[in-house]
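Okay, structure first, notes after.
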Amino acid sequence: MSESKPSTKPPIHIEVFYDVRDGAYWYQLNGRYITLKKSELFMQITKKFNITHKGNPLENLSPLDWIVANAREHRQIDYAGGLAGHRIGLFKDGSGRQYLVTDEPRGVFDDLPKKFEEPDFFKEFVTELLPGEQADYFFHWLAIALRSLRKSDFRPGQVVVLAGPVQCGKSLLQNIITEVLGGRSASPMRYMMEDTTFNRDLAGAEHWPIEEPKTSTDTRTRIQFGNSIKECFNNRDFSIHAKGKEAITLPIWRRGTISLNNDPELLMVLPPLNGSVDDKLMLFNCETATTVLEPFIVNGEQDRQAIWKTILDEVPRIRAWLLANFKTVPKGKRDNRFGIVAYHHPELRKELEAFTAEMRLLNIIDEGFFAGDNTPRTGRAMKLEQELRKSEVGFEADKMLRYANQFGSLLGKLLKLHPERISKEVDDGYTTWTIKPPFKKD
């Protein structure tokens, strides 16, 4: 680089930002912003622009000192770091505060190829892992997510649950989702379920995968898990808290996935389907993907490196294929908020419903009222509860029904789940319930 002549013009084109939180300087190197000490910053500017302390003074400052003084006065920022769903660079909020996005998801915002080959491995893998209509729901879910990310519209999406046998490919699918959404991931479990507010790693990740969630089958814990899912994945703004710094609320884009084995006991860590999280979860029942992975088995072992290379080579085509082939969600499957309705595999939903409080009550009712009698029971909630407590399953009813009005509340939930068996009539403010016996096949 030829030596520059001293100039009295301020080097305003050299963008340096000053972080008011800790006094750090941020400067762009190799396509991303990094924090530098003042001495390191001076070295980089001198190396690239040949600007030194020598030369004509600018406002009684050397050219180098003018750059940092200008940053402190005119380029203050209140946050610097990765911010999921944002392009690299500066943005402001409604109050005029500035935030510096230091990097961005890889490849997501690239122009799509006009002509491309289909991602054969990806298509076959997903179709084999999620047989039947499941694959179509998944492709639409991922296409909606990718389209939203490219548009930066911060549209929320359901959390995808992948339940299946050990080593069926569900974790591999999570890794593919990470790459399609830009290559950045972080697990939210510590923040969701542990007593910590520190979550800086989540702020710069578009994909929040959870593998085999280490939580409890206790109902209260499961409800807390469900509440955390709603908090983490359905609001545009998110409170970001790094150690040693004040929390700050900013808009970020993210999608969540959960993978776990489909044993009934392990499924019990998922939130109960009690109406508050039903539309916020996609429940997929995975089968083992073997045919598509068979060519990668060498000497009885899976060549993971070759599989991953195949996937990475396909990622640009996966994006183009999803956006070209899943533009419109079929009628009957559309959702105004999420783009597509929540899919629940019938077997998984049945398993989860069987462990809810209302379904346990229905099982107790069937044993207490209809073990040898198919006569429907009608009455107010208190009368029916008293009758149930006096039946042969009274001990189980006593253990379960510990709170006032709990019986009537659970009947209300059963009315939504099984209107063919539970009905009610309201007259002068009093509710009369009718419980029909279970349908018995001939």
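The values are calculated or read from the model by the stated rules, or taken from the named source; none is laboratory data. This structure is a prediction, so every number in the text was calculated from the model and none was measured. Glycine also receives a Cβ, built like all others from the backbone with ideal geometry; neighbour counts cover every protein chain displayed. Side chains are part of the model used for accessible areas, which takes the heavy atoms of the whole protein and leaves out ligands, DNA and RNA. Shrake-Rupley method; radii C 1.70, N 1.55, O 1.52, S 1.80 Å.
Among the residues making up region 291-324, those that are outside any helix (DSSP H, G or I) and open to solvent by 40 Å² or more (accessible area, probe 1.4 Å) are T291, I297, V298, N299, G300, E301, Q302, D303. Restricting the search to region 219-276, which residues are in a strand (DSSP E or B), out of contact with any helix residue (DSSP H, G or I) (no Cβ under 6 Å at 6 or more places or on another chain) and small (G, A, S)? Answer for region 219-276, where residues must be in a strand (DSSP E or B), out of contact with any helix residue (DSSP H, G or I) (no Cβ under 6 Å at 6 or more places or on another chain) and small (G, A, S): just S239. Across region 152-188, the number of residues qualifying as open to solvent by less than 30 Å² (accessible area, probe 1.4 Å), of a type outside the set (D, E, K, R) and assigned to a helix (DSSP H, G or I) comes to 6.
Does region 194-212 contain at least one residue that is open to solvent by 40 Å² or more (accessible area, probe 1.4 Å) and in a helix (DSSP H, G or I)?
Yes, region 194-212 has at least one match.
In region 18-74, the qualifying residues are those that are of a type in the set (D, E, K, R) and part of a helix (DSSP H, G or I), and the one that is farthest from L100 (Cα to Cα) is K47. All of D153, D218 fail the test of being more than 29 Å from T328 (Cβ to Cβ), out of contact with any strand residue (DSSP E or B) (no Cβ under 7 Å at 6 or more places or on another chain) and free of Cβ contacts under 8 Å to residues at least 60 places away in the same chain, apart from D218. Among the residues of region 355-376, those identified as over 25 Å from L270 (Cα atoms) and open to solvent by 40 Å² or more (accessible area, probe 1.4 Å) are E367, A371, G372, D373, N374, T375, P376. Considering each of K54, K47 in turn, give the residue that is at pLDDT 90 or above, farther than 30 Å from N199 by Cβ, open to solvent by 50 Å² or more (accessible area, probe 1.4 Å) and not aromatic (F, W, Y). One residue alone meets the criteria, K47.
Among the residues making up region 75-101, a single one is open to solvent by 20 Å² or more (accessible area, probe 1.4 Å), in a loop (DSSP other than H, G, I, E, B) and of a type in the set (A, V, I, L, M): I88. Residues in region 112-148 that are open to solvent by 60 Å² or more (accessible area, probe 1.4 Å) and among the polar types (S, T, N, Q): 1 in all. For region 243-257, residues that are modelled with pLDDT under 90, among the small types (G, A, S) and in contact with a Phe, Trp or Tyr (Cβ under 8 Å, 6 or more places away or on another chain) total 0. Taking A404 as the residue in question, decide whether it is exposed (fewer than 14 other Cβ atoms within 10 Å of the Cβ), out of contact with any strand residue (DSSP E or B) (no Cβ under 9 Å at 6 or more places or on another chain) and more than 12 Å from T434 (Cα to Cα). When the stated conditions are applied, A404 passes them.
Could you tell me which residue of region 243-271 is nearest to I77 (Cα to Cα), considering only residues that are among the small types (G, A, S) and crowded, with 17+ Cβ neighbours inside 10 Å?
G256
No other residue among S276, S239 is more than 20 Å from F138 (Cα to Cα), among the small types (G, A, S) and at pLDDT 90 or above apart from S239. Taking (1) buried (at least 22 other Cβ atoms within 10 Å of the Cβ); (2) in a helix (DSSP H, G or I) in turn, E104 satisfies each apart from (2). Contact map, region 413-440: first residue closer than 11 Å to R377 by Cα, second residue of a type in the set (D, E) and not in a strand (DSSP E or B), Cβ cut-off under 9 Å, separation 6 or more or different chains; pairs are K436/E420; P437/D366; P437/D373.
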